[in-house]
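Student: Before I ask anything, here is the structure I am working with.
The values are calculated or read from the model by the stated rules, or taken from the named source; none is laboratory data. A quick note: this is a predicted structure, and the numbers were derived from the prediction, not measured. All Cβ positions, glycine included, derive from the backbone under ideal geometry; neighbour counts span all protein chains shown.
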């Protein structure tokens, strides 16, 4: 297992290098100049000399290979540089928002797992019954309902039925856990509903497929109780594709909560991403893309390790 882990960690290096190179090149190819956007916004008039001086201060006058070398050197030393728009360190810009987004993603994943696995299992075991049809309607509705629209409905119901709205100002969990949860539980539910719908349908399909396997029929022929057949024999294999989906959806939520964050007035990574793109803030965009790349490859590594824990064939192979 340690050799496998070391090999996978080594494979992450060329993947992240490829992402870094591709991101750097694409940002330089796309039209737009952060200096002109910053200095000439709202019709401001500045001289070309001032623009060139600002470009030199930001290091944009250097050749592209030199800029890439400087950025990669900063990455290796965990120095993400400074935002070209605000002048603040990029690490501070991301650090102020990553906790909120990460908490919403974790809460949404917990909601999805608690809902999806029981519903998917029940739907598969009672296939083509009224229970199955009810679960399928529930999951199809989750797939068809945008998270931001469900979020607006939640806020509307809270206002009209209980005359209560979530707090506007974000409160960290360590300061006031109750106030923090009262604000973030609603976006977590809005996002977790669709999350649960996707995972529940995957769990249902996987269990139906696994229950047709020969080793399931053999276990039944030996007289094993149906609950043990499902819990010990079927669920382990059926959960493998579901774990993959849970992990990938979780990684997607780190940067994919843009509209939901707008609805619930959350200043998270999604909103920061939109602001960075609208301002052509190269340094901030590059850091955010690398953050998402690290999250995705890390989640994939964790998924592969969980495969080894659940399936002995993967572990011994």
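Student: Just to check your reading of the model, which residue among 147, 200 is assigned by TED's automatic domain parsing to the domain that holds residue 251, at pLDDT 90 or above and either crowded, with 16+ Cβ neighbours inside 10 Å or closer than 26 Å to residue 269 by Cβ (or both)?
Tutor: Exactly one of 147, 200 is assigned by TED's automatic domain parsing to the domain that holds residue 251, at pLDDT 90 or above and either crowded, with 16+ Cβ neighbours inside 10 Å or closer than 26 Å to residue 269 by Cβ (or both), namely 200.
So that you can scan it fast, the table gives a plain yes or no per residue for (1) under 23 Å from residue 240 (Cα atoms); (2) in contact with a strand residue (DSSP E or B) (Cβ under 9 Å, 6 or more places away or on another chain); (3) in the same structural domain as residue 102 (by TED's automatic domain parsing); (4) at pLDDT below 85:
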site	(1), (2), (3), (4)
130	no, no, yes, no
134	no, no, yes, no
164	no, no, yes, yes
173	no, no, yes, yes
192	yes, no, yes, no
205	yes, no, yes, no
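Student: To continue, here is another question. I'd like to check something: does segment 164-175 contain any residue that is surrounded by fewer than 15 Cβ atoms within 10 Å (Cβ to Cβ) and more than 21 Å from residue 267 (Cβ to Cβ)?
Tutor: Taking every residue of segment 164-175 in turn, at least one turns out to be surrounded by fewer than 15 Cβ atoms within 10 Å (Cβ to Cβ) and more than 21 Å from residue 267 (Cβ to Cβ).
Student: Kindly list the number of the only condition in (1) within 27 Å of residue 126 (Cα to Cα); (2) in a helix (DSSP H, G or I) that fails for residue 306.
Tutor: So residue 306 meets the others, but not (1).
Student: Could you please give the count of residues in segment 103-131 that are touching a residue at least 12 places away in the same chain (Cβ under 8 Å) and over 29 Å from residue 263 (Cα atoms)?
Tutor: Result for segment 103-131: 7.
Student: Any chance you could count how many residues in segment 45-82 are assigned to a helix (DSSP H, G or I) and modelled with pLDDT under 80?
Tutor: 11
Student: Quick one: is residue 224 without any contact (Cβ under 8 Å) to a residue 24 or more places away in the chain and touching a helix residue (DSSP H, G or I) at 6+ places or on another chain (Cβ under 9 Å)?
Tutor: Against the criterion (without any contact (Cβ under 8 Å) to a residue 24 or more places away in the chain and touching a helix residue (DSSP H, G or I) at 6+ places or on another chain (Cβ under 9 Å)), residue 224 qualifies.
Student: Quick check: anything in segment 102-124 surrounded by 12 or more Cβ atoms within 10 Å (Cβ to Cβ) and in a loop (DSSP other than H, G, I, E, B)?
Tutor: No, that holds for no residue.
Student: In this structure, does residue 34 turn out to be at pLDDT below 80 and more than 17 Å from residue 289 (Cα to Cα)?
Tutor: So residue 34 fits the description; yes.
Student: Same structure, new question: Testing residue 158 on (1) within 30 Å of residue 241 (Cα to Cα); (2) over 25 Å from the mean Cα position of the chain (by Cα); (3) touching a residue at least 12 places away in the same chain (Cβ under 8 Å), one condition comes back false. Which one is that?
Tutor: Against the list (1) within 30 Å of residue 241 (Cα to Cα); (2) over 25 Å from the mean Cα position of the chain (by Cα); (3) touching a residue at least 12 places away in the same chain (Cβ under 8 Å), residue 158 comes up short only on (1).
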